[in-house]
Amino acid sequence: MQRLKQRYRYSVILLKELVRTDFKLRYQGSVLGYAWSLLKPMLLFVILYVVFVKFLKVGDGVPHFPVYLLLGIVMWNFFNEMTMQSTTAIVGRGDLIRKIRIPRWTIIVSSSLAALINLGLNLVVVAIFMAVNRVGLLDTLPLILLALVEVYLFALGISLVLSALYVKFRDVSYIWEVILQAGFYFTPILYPLSTITNVTLQKLIMINPIAQAIQGARHAAITHTASTTASVFGGGYYQFIPLAIIAMVLVGGLLYFKSQARYFAENI
Amino acid sequence: MDDIAIKVEHVSKTFKLPHERTGSIKNAVINFARHKKGYENQRVLKDISFEIKKSEFFGIVGRNGSGKSTLLKLLAGIYTPDGGNIQVNGKLTPFIELGVGFNPELTGRENVFLNGALLGFNRKEMLAMYDDIVEFAELRKFMDQRLKNYSSGMQVRLAFSIAIRAESPILLLDEVLAVGDEAFQRKCFDYFAKLKGDKKTVVLVTHDMDSVQRFCNRAMYIEKGKIMYIGNTREAARAYEKANISAGESIPIPAPDDSTQKSTEGVELNVSLKNQSNKQSSVFYPGDKLVFDIDIASKIDIRDAVISMEIQQTDGLKVYRVATEDPNESLGAIKKGIHKRIHLEIDNIFAENTYHINVFMRSIDRSTDYIWKPGVNSFRVIVDTFRGKWSLRPPYTMRIDSAKGK
């Protein structure tokens with residue numbers, strides 16, 4: 001334990017300072033400052049709520065649909081923010097990488113921690129909404145943590161790949177942005193899964209680890225009527241596909257990042 | 001291996017230089033389809049091997065683009081060598097430049113902590129040394145201002161004050177002397193002396209041959225990615241300066257301010273400088289002759305004028321003056337359209353330094369300044385049998401007598 005502490009002492013010191021700096025710099029010069037990290041998802045929520053829930057009556061019949069929607073948006077937003085920011089993180093810290101030998105992964109982890117802090121703040125708002133909406137406390141509530149860990153690990157794996165690719169190909173950030181836009185609609189965030197009647201399509205949608213995590217979180221925290229990957233597949237080994245994808249992306253990301261990290265300094 | 005701090009064996013490094021620095025996937029695909037490499041290979045270091053002993057002050061010298069900074073980055077672990085092996089025995093300061101990671105948007109204080117973290121100090125340790133750092137940088141009043149409002153000198157001072165806190169036994173320093181004024185250089189030299197006293201292993205990359213000779217135990221001269229010389233500091237410095245001259249590249253000499261120039265229309269005055277073999281030169285060794293040709297051209301008639309030439313050190317001290325004042329060296333009248341040339345030979349008895357040449361012409365009664373050209377040319381004297389810059393180097397004879405005592 002002592003040795004482990006010694007080994008990662010430098011990384012930990014560095015991480016703390018990098019996160020602190022990121023946090024200080026992020027909203028510098030803006031009047032509302034950190035409030036923006038809450039306002040952004042809230043505004044998106046308001047728009048989607050008005051358009052889809054009030055006008056289009058999506059989600060009728062789903063208990064506590066506004067909270068249900070908000071939780072989905074907050075989780076998606078976290079995934080979106082973390083992967084987008086991490087993609088440019090290595091290049092963005094090029095001044096450091098070209099001049100100092102620091103563990104490269106600390107840069108990705110520090111940008112992920114910044115996104116995690118925002119997620120934490122947003123979840124507080126979700127909790128307030130839950131209380132206002134009188135969502136009953138479910139005994140499965142702690143399981144939401146598992147869903148969040150899943151999103152984090154999946155985002156981390158993707159971030160590692162994208163940030164390393166971005167060093168060589170600057171197109172990566174645009175491509176990823178497009179994929180995210182498509183992903184937003186391919187993931188049951190706005191609409192309850194039950195609106196999709198085709199079972200095969202339902203299964204296809206629920207293979208996506210983000211869909212699985214969001215539905216899992218809704219199921220755990222808001223309403224047991226939310227269908228999960230397990231319920232869509234009706235048990236069986238297939239329900240573990242999303243977890244397998246996460247594991248593959250994470251391991252693949254780590255390996256790719258590690259193989260590329262040695263050449264970051266010269267390729268940036 | 002016990003007394004070796006850094007061991008470099010057959011290290012090579014090649015960079016891929018892309019033809020188009022766009023780095024887009026489109027280009028990659030096109031190049032792949034055309035069986036074309038989108039880059040060119042540039043070998044920066046070729047089969048480099050050397051050792052640095054513990055508590056050695058080791059200099060690396062070489063011209064720009066010789067690969068010395070790449071080598072330092074390889075030692076620091078920033079780059080990975082293509083081939084060969086680098087062993088570092090002991091902890092090494094991970095950075096090689098001053099003020100790495102400084103963020104202009106953060107305050108001086110925040111930057112101190114950030115920079116300290118890069119050196120491996122946590123908040124508590126930084127708090128303990130914070131006051132000393134600020135004191136040393138002489139920036140107490142400015143610590144809560146953003147770094148972007150600092151002058152470059154202030155930034156360097158702050159960076160240096162933090163950098164000298166590095167405690168690792170091996171330090172890599174890249175061109176630290178290139179920045180900052182004279183007071184800063186003095187601080188640097190004090191720091192070097194302290195490092196030497198503390199028996200630290202230091203690798204110093206620099207253009208300043210004086211500091212190499214003053215501080216380093218050994219030095220290495222590299223050229224085009226190869227070690228040309230390794231060993232004695234004086235030899236390394238000499239090799240470096242020789243290569244600079246033979247490459248036809250004069251040592252960069254800062255010219256004095258142009259704004260003091262004065263001229264009369266139609267009057268031209270120029271000084272060219274050659275050595276005894278009648279070749280243009282700006283570097284002179286002991287035993288050389290300095291051969292000046294002062295050219296005067298005028299489009300107006302000048303009845304009588306005096307030309308003076310001064311030789312001035314870079315620090316401003318004027319060490320020599322010669323003029324056409326003597327009646328039998330009189331310039332005589334300058335007729336319109338007639339060129340005159342003053343040929344002047346001086347033995348190189350100058351001490352090691354850089355010198356500027358000022359030249360001016362005025363009327364004999366000193367009532368009119370026709371032309372005044374400070375820094376019209378400059379030259380450098382290298383005296384490698386002496387160490388340091390003494391002001392005088394008169395020719396001398398020395399005899400050593402021994403006699404039996406009673």
Handout entry: Check on residue B:308, assigned to a strand (DSSP E or B) and either open to solvent by 40 Å² or more (accessible area, probe 1.4 Å) or not basic (Lys, Arg) (or both)
Key = yes
Exercise for the section: Select from the range A:4-38 the residues that are without any contact (Cβ under 8 Å) to a residue 24 or more places away in the chain and β-branched (Val, Ile, Thr) and write down the one among them that is most open to solvent (accessible area, probe 1.4 Å). Expected result: A:31
Practice task
Restricting attention to the range B:315-346, report how many residues are part of a loop (DSSP other than H, G, I, E, B) and more than 29 Å from the chain's Cα centre (by Cα).
Solution key: 11
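Please indicate, with yes or no, whether at least one residue in the range B:173-183 is without any contact (Cβ under 8 Å) to a residue 40 or more places away in the chain, in contact with an Asp or Glu (Cβ under 6 Å, 6 or more places away or on another chain) and among the aliphatic types (A, V, I, L, M).
As a first pass, look at the range B:173-183 and keep what is without any contact (Cβ under 8 Å) to a residue 40 or more places away in the chain: B:177-178, B:180-183.
Going one step further and asking which of them are in contact with an Asp or Glu (Cβ under 6 Å, 6 or more places away or on another chain), we end up with B:177.
Next, from what is left, pick out any that are among the aliphatic types (A, V, I, L, M): B:177.
Yes, the range B:173-183 has at least one match.
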Fill in the blank from the handout: Going through (1) without any contact (Cβ under 8 Å) to a residue 24 or more places away in the chain; (2) at the interface with another protein chain (Cβ under 9 Å from one of its Cβ atoms); (3) of a type outside the set (Phe, Trp, Tyr) one by one, residue B:131 fails only at (2)
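Quick one: which residue in B:80, B:70 is free of Cβ contacts under 8 Å to residues at least 12 places away in the same chain, closer than 22 Å to residue A:267 by Cα and open to solvent by less than 40 Å² (accessible area, probe 1.4 Å)?
Details: B:70 fails: free of Cβ contacts under 8 Å to residues at least 12 places away in the same chain.
None of the others qualify; the one that does is B:80.
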Exercise for the section: Mind telling me which of the residues B:27, B:31, B:41 ends up being within 14 Å of another protein chain (Cβ to nearest Cβ), in a strand (DSSP E or B) and either without any contact (Cβ under 8 Å) to a residue 60 or more places away in the chain or basic (Lys, Arg) (or both)? Expected result: B:41
Exercise for the section: Output the number of the condition that residue A:63 fails; it satisfies all remaining conditions of (1) closer than 23 Å to residue A:225 by Cβ; (2) surrounded by 16 or more Cβ atoms within 10 Å (Cβ to Cβ). Expected result: (2)
Practice task
Kindly check whether there is at least one residue in the range B:161-168 that is open to solvent by less than 60 Å² (accessible area, probe 1.4 Å), more than 20 Å from residue B:105 (Cβ to Cβ), in a helix (DSSP H, G or I) and free of Cβ contacts under 8 Å to residues at least 40 places away in the same chain.
Solution key: yes
Practice task
Considering only residues that are within 20 Å of the chain's Cα centre (by Cα) and open to solvent by less than 50 Å² (accessible area, probe 1.4 Å), look in the range A:39-58 and name the one that is farthest from the other protein chains (Cβ to nearest Cβ).
Solution key: A:48
Exercise for the section: Hey, could you check the range A:196-254 for residues that are open to solvent by less than 50 Å² (accessible area, probe 1.4 Å), outside any helix (DSSP H, G or I) and β-branched (Val, Ile, Thr) and say which is farthest from residue A:163 (Cα to Cα)? Expected result: A:223
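The values are calculated or read from the model by the stated rules, or taken from the named source; none is laboratory data. Just so it is clear, the structure is predicted and the values come from calculations on it, not from any experiment. Note that we place each Cβ from the backbone using ideal geometry, even for glycine, and neighbour counts take in every protein chain shown. Ligands, DNA and RNA are stripped out before the accessible areas are found, and what is left, the full protein with its side chains, is counted by its heavy atoms. Shrake-Rupley method; radii C 1.70, N 1.55, O 1.52, S 1.80 Å.
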